[in-house]
Amino acid sequence: MSDKKTLLVVRALLLFALFAAATVVAYAHHSFGAEFDSNKPIKMNGVVTRLEWTNPHVYLFIDVQDKAGRVVNWGFEMGPPHMLQKAGWKRNSLAIGEEVQIEGWLARDGSNHGNARRVTRKSTGEVLGAASSGAQTLGGGNQGQKPKGTN
């Protein structure tokens, strides 16, 4: 094969690889409205079990006691790591076992999953914004509906 043809094949393969990678990233990300229901605000208290710093979103998991007294683990999507870090979050901002209150919205599929608008430390009252939707702020505010029971 000539050098010209080899170069052309290499370029085509690189272009294909870049396209495939972009497709995977685009598929992995979703809009707020596709996964969460802004008409179903929630507010719950729980104990931090895990905090995952991954792209494109940070996830916070808490154990919550349901009405029957059973402990149920909930996962909450937050903003991307770089956005939360710019707002003062660190990987160790919350400790495993720490009690928090989370305000946000339920997942459309009815699972134990939500989108966190704001996280409040129960021990200090410190509010940590957690927004992953563009209409929300990292201070926990939003331009839309607030979860019931908030001012």
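Per-structure values
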item: Whichever residue in segment 58-89 is surrounded by 13 or more Cβ atoms within 10 Å (Cβ to Cβ) and among the acidic types (Asp, Glu) and, among such residues, is farthest from Arg117 (Cα to Cα); result: Asp63
item: Unmet criterion (only one of (1) at pLDDT 95 or above; (2) among the aromatic types (Phe, Trp, Tyr); (3) more than 14 Å from Ala130 (Cα to Cα)) for Phe61; result: (3)
item: Unique match (being under 24 Å from Lys40 (Cβ atoms) and either modelled with pLDDT under 95 or surrounded by fewer than 19 Cβ atoms within 10 Å (Cβ to Cβ) (or both)) among Asn92, Asn112, Asn55; result: Asn112
item: Enumeration of residues in segment 21-50 that are at pLDDT 60 or above, farther than 20 Å from Arg108 by Cβ and small (Gly, Ala, Ser); result: Gly46
item: Every residue from segment 69-87 that is modelled with pLDDT under 95 and over 16 Å from the mean Cα position of the chain (by Cα); result: Gly69
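The values are calculated or read from the model by the stated rules, or taken from the named source; none is laboratory data. Note that this is a predicted model, so its numbers are computed, not measured. We place every Cβ from the backbone using ideal geometry, glycine too, and count neighbours over all the protein chains shown.
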